[in-house]
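Structure first, commentary second.
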Amino acid sequence: MTSVTLRPGGPLLSGAVYGCLLNVQEELDRLGDAINQAPYHGAPSGPVLYVKTANTQIAAGQPVPIPSDVEQVRVGAALGVVIKDTLTRAGVEQARSAIAGYTLVNDVTVPHDSLFRQPLKQKCRDGFCPIGPGLVDAADLPDPATLTVRAFVNGECRHQWCLDQLVRPVATLLADISDFTSLYPGDLIIVGVSPDAPLAGAGDTVAVEIDGLGRLENRLVSEGEDAR
């Protein structure tokens, strides 16, 4: 298997990091009839994106600081897709060809209910996006829909889900995003997070695993704690 080690201790990617809400079927199912009410008025016709700002990005093994006003966070075990070619209004096959590779992401999030606005306060705290430890070439994982995503807390698997549950499969998601915003080399897309993402708090060690991609592990620490 060909892999490229992501650069530790600094910026992990050269581009933007986007996450996608409501791209796991269970998320939509749990909204029930509420999806037809304001402000949704039906299932989304396109991807619902949010950003993981540069301050969130850390490497495998680095501590995730938990702010003093936060008791627990959700361990958002997810697949990350790294782009190698510019995509603008692309078709599905063009989008598939533009995938450089895949990596592990922990989309750490403060629990919240509202989807009415960008969840920046809940998703963009310092260190809330561990990425890595490596980038696996797309040719070595031709069908990500067959992969299972697992979330661990203190060595125990607390939740797993399969990527065949995505509302928009990986290449379709990239193509649909490119309809309204261009994607560039070095950008990373978090394809979705299960609504059953487990909770963890300061002092816990959390990990993400996907078969063929390895293990991304980080310790949660109280903000300001020297974890070394």
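How many of the residues making up the range 96-145 are farther than 28 Å from THR86 by Cβ and either out of contact with any Gly (no Cβ under 8 Å at 6 or more places or on another chain) or at pLDDT below 95 (or both)?
Total meeting the criteria: 13.
Does VAL221 satisfy the condition of being of a type outside the set (Phe, Trp, Tyr), surrounded by fewer than 20 Cβ atoms within 10 Å (Cβ to Cβ) and either at pLDDT 95 or above or part of a strand (DSSP E or B) (or both)? Walk me through how you get there before you give the answer.
Working: of a type outside the set (Phe, Trp, Tyr): yes; surrounded by fewer than 20 Cβ atoms within 10 Å (Cβ to Cβ): yes; either at pLDDT 95 or above or part of a strand (DSSP E or B) (or both): yes.
Criteria met by VAL221.
Only one of (1) in contact with a strand residue (DSSP E or B) (Cβ under 6 Å, 6 or more places away or on another chain); (2) over 17 Å from ASP179 (Cα atoms) is not met by ALA43, so which one is it?
Checking ALA43 against (1) in contact with a strand residue (DSSP E or B) (Cβ under 6 Å, 6 or more places away or on another chain); (2) over 17 Å from ASP179 (Cα atoms), the one that fails is (1).
Assess whether GLY46 counts as being modelled with pLDDT under 95 and in a loop (DSSP other than H, G, I, E, B).
Working: modelled with pLDDT under 95: yes; in a loop (DSSP other than H, G, I, E, B): yes.
The answer is yes for GLY46.
Looking at the range 63-73 only, could you name the residues that are outside any strand (DSSP E or B) and surrounded by 16 or more Cβ atoms within 10 Å (Cβ to Cβ)?
Of the residues in the range 63-73, the ones outside any strand (DSSP E or B) are 63, 67-72.
The answer is PRO63, VAL70.
Name, by its number, the condition in (1) modelled with pLDDT of 95 or more; (2) touching an Asp or Glu at 6+ places or on another chain (Cβ under 7 Å); (3) over 28 Å from PRO65 (Cβ atoms) that does not hold for HIS159.
(3)
Checking ILE131 against (1) within 20 Å of LEU220 (Cβ to Cβ); (2) in contact with a Pro (Cβ under 9 Å, 6 or more places away or on another chain): exactly one of these is not met. Which one?
Result: ILE131 fails condition (2) only.
Residue by residue, here is whether (1) more than 21 Å from LEU166 (Cβ to Cβ); (2) in contact (Cβ under 8 Å) with a residue 12 or more places away in the chain; (3) buried (at least 16 other Cβ atoms within 10 Å of the Cβ); (4) of a type in the set (Phe, Trp, Tyr) holds:
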residue: VAL82; (1), (2), (3), (4): no, yes, yes, no
residue: ARG89; (1), (2), (3), (4): yes, yes, no, no
residue: ALA95; (1), (2), (3), (4): no, yes, yes, no
residue: ILE99; (1), (2), (3), (4): no, yes, yes, no
residue: THR103; (1), (2), (3), (4): no, yes, yes, no
residue: PRO133; (1), (2), (3), (4): yes, yes, yes, no
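Select from the range 93-150 the residues that are more than 25 Å from GLU225 (Cβ to Cβ) and among the charged types (D, E, K, R) and list them in ascending order.
GLU93, ARG96, ASP113, ARG117, ASP137, ASP140, ASP143, ARG150
Among residues belonging to the range 143-185 that are of a type in the set (Gly, Ala, Ser) and more than 15 Å from VAL105 (Cα to Cα), point out the one that is surrounded by the fewest Cβ atoms within 10 Å (Cβ to Cβ). Explain how you work it out, then say what you get.
If we filter the range 143-185 for residues that are of a type in the set (Gly, Ala, Ser), which is where we start, we get 145, 151, 155, 171, 175, 178, 182.
From what's left, more than 15 Å from VAL105 (Cα to Cα): 145, 155, 171, 175, 178, 182.
On the way: ALA145: 12, GLY155: 8, ALA171: 21, ALA175: 22, SER178: 21, SER182: 14.
Among those residues, the one meeting the criterion is GLY155.
Name every residue in the range 167-192 that is within 21 Å of VAL75 (Cβ to Cβ) and touching a Leu at 6+ places or on another chain (Cβ under 7 Å), in order of residue number. Please lay out each step first, then the result.
Here is the first cut: in the range 167-192, the ones within 21 Å of VAL75 (Cβ to Cβ) are 188-192.
Within the range 167-192, LEU188, ILE189, VAL191, GLY192 qualify.
Output the qualifying pairs, or none if there are none: Cβ atoms under 9 angstrom, residues six or more apart or on different chains, first residue in the range 59-79 and at negative phi, second residue assigned to a strand (DSSP E or B) and among the acidic types (Asp, Glu).
Partner pairs satisfying both residue conditions: ALA60/GLU217; ALA77/GLU209.
Conditions first: (1) part of a loop (DSSP other than H, G, I, E, B); (2) at pLDDT below 95. ALA90 passes all but one, so which condition is the exception?
(2)
Quick check on my filter: what residues within the range 193-211 are assigned to a loop (DSSP other than H, G, I, E, B) and within 18 Å of ALA77 (Cβ to Cβ)?
Step one: filter the range 193-211 for residues assigned to a loop (DSSP other than H, G, I, E, B), giving 193-198, 201-204, 211.
Of everything in the range 193-211, those that are assigned to a loop (DSSP other than H, G, I, E, B) and within 18 Å of ALA77 (Cβ to Cβ) turn out to be VAL193, SER194, PRO195, ASP196, ALA197, PRO198, GLY201, ASP204, ASP211.
The values are calculated or read from the model by the stated rules, or taken from the named source; none is laboratory data. Just so it is clear, the model here is predicted, and its values are computed rather than measured. Note: ideal-geometry Cβ built from the backbone for every residue, glycine included; neighbour counts use all protein chains shown.
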